Amino acid sequence: MLGLEYSILNYYTNSDRNTGAKFIINYINKYNAYKELCMTNIQHYLPKLSTIFESKPLLFNKTNDDEFIPSSVSMLLRNDKLLGNLRMVNYRLSENGQFLFRNEHMFKTKNVKIVIDPLTLCVLSEKVVVDELPPNEDLISPRIKGLEDIRLFERGGDVWYSASTFDHSYTPKIRIIHGKYDDVITSGECIKPPTETACEKNWIFVDDKVIYSWYPMKIGSIVDGKLNIHTVYDTPYSFESMRGSSCCLKRGDELWCVTHSTTETTPRKYYHYLVVLDKNLKPFRMSIPFCFKSPSIEYCIGFEIYNSDFIFTYSIMDSNPEIIKIPIKWFDTTLMIDNI
């Protein structure tokens, strides 16, 4: 109970919000006491990164039309440029998080291959990605079309993608598909989860392994079109509501990735974390939660390292993608918690 009271009083007695946030996360991880109330209080401690470092809109020339708007962007550093996949969606979100469709009541996604200059953070080129994957002929009336939330990663020197799919699924449920990424996508393997579920999203591919969940942390490999879990780690209580966001980045012997958790409020509030893994994909460090502009519907699947900086891309209310560059040293000295 004292920890919960501290999470309230510290806000009024200590101007160092990061110290308060670190206390709350350490308290939850150690005692798992009053977790929901503590996480409700932590929203008052969230650092807003765009108020500390300059964030800029990602501007596009040819991709806007009456139906689709730009949304989230994933990134992969290739040939000293940031290769990105921009998701275009056919809906808007209202202030309370409701979906607003311009035309037919169906979720549709277009994807655009973009190249970003890592120095200026400007878009250099853009080209619509053509989806030539075979549809599921058993779906009479698919309510979701397109490859959603594409994440780019490298495997064997090639660029690969993973995505959520409904119209390319083997079942009338959202599943994960992966394959080689190019201007025209012709190959993709739709993967069966460890057990059949209502929906699958937010898998993180790391070489030939997949991070399936974070609490407990389940890691598997794909065998004959199915994800088989082979490693399970107990994780701290603050991981309970975490979901995968970005792919992992190598930094020395460590792997860094962005995760997120959401609240049950209307609209939802997104809290982002950096989680650091060892070579066996076991987490051993994490950051305090943070947001980019405000604890609203922010979605971050773009994360890269360039020189001594982290670069993030994130969408706001499933639209208005922005990009921000932050010194890695600032995270190391300001937001990170050791020995979770």
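In square nanometres, what is one fourth of the surface area of the convex hull spanned by the alpha carbons of region 172-258?
Over all viewing directions, region 172-258 projects a mean Cα-hull area of 7.2 nm².
Given 0.36 nm per residue, what is the gain on full extension from ASP182 to GLU196 after removing their alpha carbon distance, in nm?
My answer for the length gained is 2.1 nm.
Between the DSSP loop rule and a limit of at most 15 other Cβ atoms within 10 Å, which GluC sites (Glu not before Pro) in region 262-311 are left?
GLU264
For the chain, what % of the accessible area comes from carbon and sulfur atoms, probe 1.4 Å?
Summing carbon and sulfur atoms, their accessible area is 49 percent of the total for the chain.
Send over the semi-axes of region 225-340's equivalent ellipsoid, whole angstrom and largest first, taken as the square roots of 5 times the C-alpha gyration tensor eigenvalues.
22, 19, 15
Among the listed pairs LYS22/LYS201; LYS48/LYS279; LYS293/LYS325; LYS35/LYS269; LYS110/LYS282; LYS110/LYS209, which have their C-alpha atoms separated by more than 23 angstrom in this model?
Cα-Cα > 23 Å for LYS22/LYS201; LYS48/LYS279; LYS110/LYS282; LYS110/LYS209; rest within.
In nm, give the distance between the simple-model label positions of MET317 and GLU67, each being 7 Å from the Cα along the Cα-to-Cβ direction.
2.3 nm
Would you please put 225-232, 237-244 in order of how densely packed they are, using the mean number of other Cβ atoms within 10 angstrom per residue and starting with the highest?
Ranking, from highest mean packing down: 237-244, 225-232.
Thinking of region 117-162 as a set of Cα atoms, what percent of all their pairs are more than 11 Å apart?
Every Cα pair in region 117-162 considered, those over 11 Å come to 80 percent.
Kindly identify region 151-306 as rounded, prolate or oblate by the Cα gyration tensor criterion: order the square roots of the eigenvalues as a ≥ b ≥ c, call it rounded if a/c is under 1.5, otherwise compare a/b with b/c, prolate if a/b is larger, else oblate.
Because its axes are fairly even, with a/c under 1.5, region 151-306 counts as rounded.
Rg to Rh for the chain: what is it, with Cα atoms only and Rh by Kirkwood?
That ratio is 0.95, to two decimals.
Count neighbours as other Cβ atoms within 10 Å of each site's Cβ, and list the trypsin sites (Lys or Arg not before Pro) in region 268-330 that are DSSP loop with at most 10 such neighbours.
Counting only loop positions with at most 10 other Cβ atoms within 10 Å, the trypsin sites (Lys or Arg not before Pro) in region 268-330 are LYS279.
Students often check this: by mean Cβ neighbours within 10 Å, which of 193-203, 40-50 ranks highest, and how do the rest follow?
40-50, 193-203
Quick one: order ASP207, ASP167, ASP158, ASP234 from most to least accessible surface, probe 1.4 Å.
ASP234, ASP207, ASP158, ASP167
Of the candidates CYS291, CYS300, CYS122, which one comes out as most mobile in a Gaussian network treatment of the chain with C-alpha springs shorter than 10 Å?
Comparing CYS291, CYS300, CYS122 in the GNM, the peak value goes to CYS122.
Expressed as a fraction of 2.2 N^0.38 Å, the rule-of-thumb size for a compact globular protein of N residues, what is the C-alpha radius of gyration of region 62-219?
For region 62-219, the normalised Cα radius of gyration is 1.07.
As a test of understanding, state the convex hull volume per residue of region 39-118 from its alpha carbons, in Å³.
Spread over its residues, the Cα hull of region 39-118 gives 156 Å³ apiece.
Relative to the present Cα-Cα distance, how much length would full extension add between LEU100 and VAL115 at 0.36 nm per residue of separation?
Stretched out fully, the LEU100 to VAL115 stretch lengthens by 2.4 nm.
What angle do you read, to the nearest 10 degrees and between 0 and 90, between the alpha-carbon axis of helix 2-13 and the longest principal axis of the chain?
So the helix axis and the longest Cα principal axis differ by about 90 degrees.
Residue separation times 0.36 nm, minus the C-alpha to C-alpha distance between ARG268 and ASN79: what's the value?
64.3 nm
With the other protein chains left in place, how much accessible area per residue, in square angstrom, belongs to region 73-199 at a 1.4 angstrom probe?
Accessible surface, normalised per residue, equals 47 Å².
At 7 Å along Cα-to-Cβ for each site, give me the label-to-label distance between LYS127 and LYS250 in nm.
For the pair LYS127/LYS250, the computed spacing is 2.7 nm.
Counting only DSSP beta bridges with both residues in the chain, tell me the antiparallel percent, nearest 5.
95 percent
In degrees, nearest 10, range 0 to 90: what is the angle between the Cα axis of helix 17-31 and the longest Cα principal axis of the chain?
90 degrees
Counting only heavy atoms of protein chains, what accessible area per residue, in Å², does region 233-315 have with a probe of 1.4 Å?
I get 34 Å² per residue for region 233-315.
Take the Cα of GLU137, step 7 Å along the line toward its Cβ, and report every residue of region 171-187 whose backbone nitrogen sits under 20 Å from that point.
171-173, 186-187
The values are calculated or read from the model by the stated rules, or taken from the named source; none is laboratory data. In this text, all values refer to a predicted model and were calculated from it rather than measured experimentally. Because the Cβ atoms are built from the backbone with ideal geometry, glycine has one as well, and the counts that use them run over all protein chains shown. Heavy atoms of the whole protein, side chains included, go into the accessibility calculation; ligands, DNA and RNA do not. Shrake-Rupley method; radii C 1.70, N 1.55, O 1.52, S 1.80 Å.
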